[in-house]
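Nothing in this text is a laboratory measurement; each read-out follows from the coordinates by a stated rule. In this text the structure is predicted, and so the values were computed from the model without any measurement. Note: ideal-geometry Cβ built from the backbone for every residue, glycine included; neighbour counts use all protein chains shown.
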Amino acid sequence: MSVKVVKFGGSSLADADHFRQVARIIRDDPTRRYVVPSAPGKREKGDTKVTDLLYQCYELIKAHEPREVIDAAYDRITDRYNAIIADLGLTFDLSGELEYVKNAMLHSSGRDYAASRGEYLNALILAKYLDYDFVDAENVIFFKENGTLDEERTNDALAEELSRTPHAVIPGFYGAMPNGTIKTFSRGGSDITGSIVARAIKADLYENWTDVSGFMMADPRIVKDPLIIQEITYRELRELSYMGATVLHEDAVFPVRTAGIPINIRNTNRPSDPGTMIVAHPTSYDSETVITGIAGKKGFSVLTIEKDLMNAEIGFGRKVLEVFEDNDISFEHLPSGIDTMSVVVSSSVLEGRRDRLMQSISRAVRPDSVFIEDNLALVAVVGRGMIKAKGTAARVCDALARADVNIRMIDQGSSELNIIVGISEDEYEAAVKAIYAEFVG
Ligand code: ASP
């Protein structure tokens, strides 16, 4: 029988109504056998996620705030869980667990321990509600001494533990260090847990349930009601996420990608929407739109070096990049001309290092000129369909010209999977709109 691992984000488990909806989704498909929940998220705008309440509580304890202040902060957490239990009509007493967690926090159990309890407690409730087994992540997700995931140990433990139960809830976001202390992934890390579980049990599909119906083709804050991407490859996704499109934690891709397991992004509030399928090998590409998505970011700087006959100078590029290396600066793109070389970096990394960098470059390659321009935004137009379609770059340039956006840099990835344009930050929104309109309408 096929197996699905289903991960539900915080907004999908924010209150009892959402728990009911989650249970309906799980019961609707008997192959949804392993469930990875986040901690309860925001119920409405302005609400606070339980994970944030736990961090706050931890800070108050660390700052030796008076006991009543700490109690009041912890009560907000207790209230969230108790409201869910009461509203679901569960005869389940979580008070012992809540008390234990509080005591542990008061006795310096650490920041990660505190944060992880959001998922832990939520998973206990969900397991009870679904009548699934509870498998604590601290017994199946292991980190190495250096803080990276111990893949082998984790895979073995998960495969072994889950082979013993047909249905289980495994809290997301955390695991155990070699000495048994709790460590969390970075924020949003339950996505990673889901992916790790899917790989360990060789799932057929990893469903990631959230509050949107998949990846949008462009940022909805810029483009009104952008289309949802139906199918995207892992490589396209990587390009779009790198450029700031978020729905899924970036590190969640690697475990399932190597195992060839697709991810399906789904909307808990609209379960009949098909969502976005993230696959290794596409079954199709959208010949109508050619592109898969558009993403971008502000806050880049470009350092340009000009020197006549640069192209004939052996080792020129290496010397330039060595200066970046020596200054501990990583670069994003390297668009080059015959006698110019540009290095695009995130502006933040230049802070306090500009003069030294320019001087070092002058010394290393004796350029005719070297200068830095700031306020650059990058827009990535991504799509596997671009390999087959002619004139995509021309269409991007035309669309930008019509919108009166000046292109300061253009870089077509050699994989033909993306075209990246550099424009002035204040033209960023106009650029995204223009490109979307050109390809989607
Ligand atoms: N609850 C954690 C967070 O808020 C992890 C997650 O939701 O994936 O970051």
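What to note about this one:
- Pairs with C-alpha atoms separated by more than 20 Å, drawn from the list K297/K390; K7/K49; K42/K297; K62/K102, are K297/K390; K42/K297.
- Segments 406-413, 431-438 sorted - mean Cβ within 10 Å per residue, highest first: 431-438, 406-413
- FRET efficiency for L321 and T48, using Cβ-Cβ distance with R0 set to 51 Å, rounded to 0.05: 0.70
- Dipole check for the range 134-264: with +1 at the C-beta of Lys and Arg, -1 at the C-beta of Asp and Glu, and the Cα centre as origin, the magnitude is about 160 Debye.
- Packing-based exposure ordering (other Cβ within 10 Å, fewest first) of T31, T78, T283, T51: T283, T31, T78, T51
- DSSP bridge analysis restricted to the chain gives an antiparallel fraction near 65%, rounded to the nearest 5.
- The angle between the Cα long axis of helix 151-163 and the longest principal axis of the Cα atoms of the chain comes to about 40 degrees, rounded to the nearest 10.
- Per residue, the average separation of C-alpha pairs within less than 8 Å and at least 6 apart gives the range 348-441 a relative contact order of 31 percent.
- Rel. contact order, % - alpha carbon contacts under 8 angstrom, at least six apart, the range 72-160: 18
- Modelled label reach - D133, point 7 Å along Cα→Cβ, the range 175-210 residues with backbone N closer than 15 Å: 201
- C-alpha long axis of helix 67-88 to longest principal axis of the chain, angle in °: 80
- Placing a pseudo-label 7 Å from each Cα along the Cα-to-Cβ vector at I314 and F92 gives an inter-label distance of 7.0 nm.
- Binned Cα-Cα distances of the range 235-285, short to long, each 5 Å bin given as a whole percent: 4, 18, 27, 25, 19, 6, 0
- Listed by chain and number, the lysines whose alpha-carbon sits under 21 Å from that of K144, ignoring those within fewer than 8 places in the same chain, are K183.
- The range 231-317: GluC sites (Glu not before Pro) falling in loop per DSSP and having at most 14 other Cβ within 10 Å: E288, E313
- Measuring between their Cα centroids, the range 154-199 and the range 275-304 lie 30 Å from each other.
- Linear extension gain, S186 paired with T31, 0.36 nm per residue minus alpha-carbon span: 52.9 nm
- Only Lys, Arg, Asp and Glu carry charge here, each on its Cβ (+1 for the first two, -1 for the last two); on that basis the chain has a dipole of about 500 debye about its Cα centre.
- Per-residue [θ]222 nm for the chain (sum of -39500 (n - 2.57) over DSSP H runs n ≥ 4, rounded to 500): -12000 deg cm²/dmol
- Dipole magnitude for the range 37-151: about 360 debye, using +1 per Lys or Arg Cβ and -1 per Asp or Glu Cβ, origin at the Cα centre.
- A protection proxy built from the mean count of other Cβ atoms within 10 Å ranks the segments 56-68, 34-46, most packed first, as 34-46, 56-68.
- Whole-angstrom gap from the range 313-349 to the range 352-398, using each part's C-alpha centre: 10
- Cβ-based net charge around G244, under 12 Å, with every Lys or Arg adding one and every Asp or Glu removing one: 0
- When K298, K102 are sorted by how many other C-beta atoms sit within 10 angstrom of their C-beta, beginning with the fewest, the order is K298, K102.
- Cα long-axis angle, helix 16-27 against the chain (0 to 90 degrees, to the nearest 10): 80
- Modelled label positions at D273 and S346, each set 7 Å beyond Cα in the direction of Cβ, lie 2.9 nm from each other.
- Neighbour cut-off at most 14 other Cβ (10 Å), DSSP loop, trypsin sites (Lys or Arg not before Pro), the range 153-212: R164, R187, K202
- Within the shell defined by Cβ-Cβ distances under 14 Å, the residues around L60 carry a net charge of -1, with Lys and Arg each +1 and Asp and Glu each -1.
- Sorted by Cβ neighbour density within 10 Å, fewest at the top, the residues V253, V440, V69: V69, V440, V253
- Reachable lysines from K4, criterion Cα separation under 17 angstrom, eight or more residues apart if same chain: K202
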